[in-house]
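What follows is a set of notes on a single structure, which appears directly below.
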Amino acid sequence: MAKIIGGITTSHIPAVGNAIAQGLFEDPYWKPFFDGYPPVHEWLAKQKPDVVINIYNDHGLGFFLDKMPTFAIGAALEYRNEDEGWGIPQLPPFPGAPELSWHVIEGMVADHFDITSCQELAVDHGFTVPMQLFWPGLRNNPDMPKAIPISANTVQHPIPTLSRALAFGRALRKAVESYPEDIKVVVLGTGGLSHQLDGQRAGFINREFDEYCMDKIVTDPDALTKISRMELVEKAGAQGTEFLMWMMMRGALGDKVNLLHSNYHIPISNTGAGTMLLECVD
């Protein structure tokens, strides 16, 4: 039986991809951010997951405002990284896990989630930056797992509620754990935390709200479902809606988790950047 062993959160802003490409790990601006990742690298090297489920939001590469699925799951043999205009070097394709993907899609539909299944999917920085952060060197890293991308709509309103996002994760856990092969799976919740990139509140960051979310997502994620979609925009910024992907990840981990590592740093490209490593409790 497949087993979800833990979840990890991270920002996925494109400036991080540029910093990685330029090797700015010791740069004074970037060091407090990158210093949050070695404990995660150590845990991944020890656990060696077979598959990573990467929950991210597409930024106009695979989908756009005219066609924006609420939840889309990749079911491809590989996922191509294409130029999206940020100047980030393109990366080689990421190997997929189509057998598990289709099993998860079937399970999610059986659990009353309407899924867009993608037999081809180009992936942008929302997907690629977390992969680079957690598996440096990517295909040159012997521990790099196969990947399943799950894209959530955080852009085109109406977006999912935090309650629906948490329920999605719980259904995802059930689907994964019904897969008969003995494999280990780790789930990424990417994006955020608070940030707003445009309008009168451009540059908005809400540290107090970010830290509240980082606390409650460990101990009481259901309490966060009381936050409405409009309240999320108000307190986290227009792009802070990406927090719903953290909630999807958290739902997939079960009722209880151990917080093994946490790092919060601001500002990184006008974003509240949170990194958390949560291990599932059997």
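The values are calculated or read from the model by the stated rules, or taken from the named source; none is laboratory data. Since the model is a prediction, treat every value here as computed from it, not as a measurement. Note that each Cβ is placed from the backbone with ideal geometry, even for glycine, and that neighbours are counted across all protein chains shown.
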Quiz item: Within the set of pairs 6 or more residues apart or between chains, which connect a residue that is at positive phi inside segment 170-192 to a residue that is among the hydrophobic types (A, V, I, L, M, F, W, C) and at pLDDT 95 or above with Cβ atoms less than 8 Å apart?
Solution: Gly191/Phe243; Gly191/Met245; Gly191/Trp246; Gly192/Phe243; Gly192/Met245; Gly192/Trp246
Exercise. Among the residues of segment 193-241, write down those that are exposed (fewer than 15 other Cβ atoms within 10 Å of the Cβ) and part of a helix (DSSP H, G or I).
Key: Arg207, Glu208, Asp215, Thr219, Asp222, Ala223, Met230, Glu231
Practice problem: Determine which member of the set Tyr37, Tyr79 is closer than 27 Å to Ala167 by Cβ, of a type in the set (Ser, Thr, Tyr) and in contact (Cβ under 8 Å) with a residue 24 or more places away in the chain. | Solution: Tyr79
Practice problem: Give the residues of segment 1-32 that are farther than 23 Å from Tyr56 by Cα and in a loop (DSSP other than H, G, I, E, B), sorted by residue number. | Solution: Met1, Gln22, Gly23, Leu24, Phe25, Glu26, Asp27, Pro28, Tyr29
Quiz item: Which condition breaks for Trp30 when tested against (1) over 19 Å from the mean Cα position of the chain (by Cα); (2) under 27 Å from Val104 (Cα atoms)?
Solution: (2)
Exercise. Would you mind listing the strands (runs of 3 or more DSSP E) fully within segment 69-147 where at least 1 residues are among the aromatic types (Phe, Trp, Tyr) and over 26 Å from Gln22 (Cβ atoms)?
Key: 71-74
Self-check item: Residue among Glu106, Glu99 that is out of contact with any strand residue (DSSP E or B) (no Cβ under 6 Å at 6 or more places or on another chain), at pLDDT 95 or above and within 17 Å of Val186 (Cα to Cα)
Solution: Glu99
Quiz item: Taking interchain pairs and intrachain pairs at least six residues apart, which have beta carbon atoms under 9 angstrom, with the first residue in segment 247-267 and on the phi > 0 side of the Ramachandran plot and the second outside any helix (DSSP H, G or I) and at pLDDT below 95?
Solution: Gly254/Val281; Gly254/Asp282
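Checking the condition under 17 Å from Asp50 (Cβ atoms) and in contact (Cβ under 8 Å) with a residue 12 or more places away in the chain, which residue from Val123, Val104 passes?
Testing whether each residue is under 17 Å from Asp50 (Cβ atoms) and in contact (Cβ under 8 Å) with a residue 12 or more places away in the chain leaves just Val104.
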Quiz item: Out of all the residues in segment 55-68, which are loosely packed, with under 14 Cβ neighbours inside 10 Å and not in a loop (DSSP other than H, G, I, E, B)?
Solution: Phe64, Lys67
